[in-house]
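Have a look at the structure below, then the notes.
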Amino acid sequence: DTEVTQTPKHLVMGMTNKKSLKCEQHMGHRAMYWYKQKAKKPPELMFVYSYEKLSINESVPSRFSPECPNSSLLNLHLHALQPEDSALYLCASSQVSRGEIYGYTFGSGTRLTVV
Amino acid sequence: QQPVQSPQAVILREGEDAVINCSSSKALYSVHWYRQKHGEAPVFLMILLKGGEQKGHEKISASFNEKKQQSSLYLTASQLSYSGTYFCGTPQAADKLIFGTGTRLQVFP
């Protein structure tokens, strides 16, 4: 299995809703990432988990809450979002090995619309 | 901090060549290259490491000049399937990959 699976593919939520994005990989990758991508812009890093521990939070507002229940799963909990949070949310994973650098495998993303 | 890519957009006919450049204001130890087709996820193309080692696939090549803090992606004899947006990515710290500004490539028959 060489894929990163994200669900749902599309999500429309109101500003008072609570929802979660899910990401799963079975490649044995020990680093997992959340990126946010606006139209015609590059992906922007949000969070990094390394060996199931949060290692990087790029000053993301607290209305986004990441969670890594185990080495294969990554969630992003959403609460009280704003319309400007509408974007494509991408999950990615990579191997982690001292002295080696590996490419990232991305999921197909969740297209989020906040109304 | 974000790498700058040039050109911003390229239009090609099948069989033509293109070069995409990526420049960083910070020292580079490695450079990633990804392609993202419209409505899809970015796909890893290759990594270039300090010292010239290259890992990759497909009929696309790249170079990495650590002194100039630049990398270039070479697409030769372009195919329709090469269309998409190309991003370089530079690790700013362990596990922190920052993407460049992007180059949109369109290949027409």
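Over chain B, give the accessible area per residue in Å² for a 1.4 Å probe, as an integer. Display every interim value, and only then the final one.
Details: 5400 Å² over 109 residues.
That works out to 50 Å² for each residue.
All distinct Cα pairs of chain B go into the 1/r average, and the inverse of that average, the Kirkwood radius, is 13.8 Å.
Highest-first packing order for the peptide set A:84-92, B:101-109 is A:84-92, B:101-109, based on the mean count of other beta carbon atoms within 10 Å.
With 30 Å² as the minimum drop in accessible area between chain alone and full protein complex (1.4 Å probe), the qualifying residues in segment B:88-109 are B:ASP95, B:LYS96, B:LEU97, B:PHE99. Short to long, the 10 Å bins of the Cα pair-distance histogram for the protein assembly as shown hold 8, 33, 35, 19, 5, 0 percent of all pairs.
Heavy-atom accessible area for A:THR16, with the other protein chains in place and a 1.4 Å probe, reaches approximately 120 Å².
Karplus-based coupling profile of segment B:4-14, in residue order and whole Hz: 9, 9, 9, x, 6, 8, 9, 10, 10, 8, 3, with θ = phi - 60° in 6.51 cos²θ - 1.76 cosθ + 1.60 and x standing for Gly or Pro. Database remark: amide H of A:SER86 closer than 5 angstrom to the amide H of A:VAL114 (H placed geometrically; neighbours at sequence offset of 5 or more, or on other chains; Pro and chain starts carry no H).
A cysteine counts as unpartnered when no other cysteine's C-beta lies under 4.7 Å of its own; in chain A this applies to A:CYS68.
Look at the stretch A:27-36: the mean tally of other chain Cβ atoms within 10 Å of its residues' Cβ atoms is 1. Here the accessible area of chain A is 49 percent carbon and sulfur, with a 1.4 angstrom probe and all protein chains present.
What does the average come to when, for each residue of peptide A:106-112, you count the partner chain Cβ atoms lying within 10 Å of its Cβ? Numbers along the way, then the final one.
Details: counts 7, 1, 3, 4, 0, 1, 0.
Across the residues of A:106-112, the mean count of other-chain Cβ atoms within 10 Å is 2.
Remark: mean inter-chain Cβ contacts per residue of B:39-46 equal 6, using a 10 Å Cβ-Cβ cutoff to other protein chain atoms.
Lysine pair count for chain A (Cα-Cα distance under 17 Å; residues 8 or more apart in sequence or on different chains): 8. Listed values for segment A:27-38 are Karplus-derived 3J(HN,Hα) couplings in whole Hz (6.51 cos²θ - 1.76 cosθ + 1.60, θ = phi - 60°), namely 9, x, 5, 9, 10, 9, 9, 10, 10, 10, 10, 8, and x replaces Gly and Pro. Binning all Cα-Cα separations of chain A at 10 Å, short to long from zero, yields these whole-percent fractions: 15, 49, 30, 6, 0. Computed on the Cα trace of segment B:57-109, the radius of gyration divided by the Kirkwood hydrodynamic radius gives Rg/Rh = 1.02. Between chain A and chain B, the total buried accessible area stands at approximately 1600 Å², from heavy atoms with a 1.4 Å probe.
Here the dipole of chain B is about 240 debye; that uses its Cα centre as origin and unit charges on the Cβ of Lys and Arg (positive) and Asp and Glu (negative).
The values are calculated or read from the model by the stated rules, or taken from the named source; none is laboratory data. This is a predicted model, so every value here is computed, not measured. Here the Cβ is made from the backbone with ideal geometry for all residues, glycine too, and neighbour counts use every protein chain on show. For the accessible areas, the whole protein counts, side chains as well, though only heavy atoms, and no ligand, DNA or RNA atoms are used. Shrake-Rupley method; radii C 1.70, N 1.55, O 1.52, S 1.80 Å.
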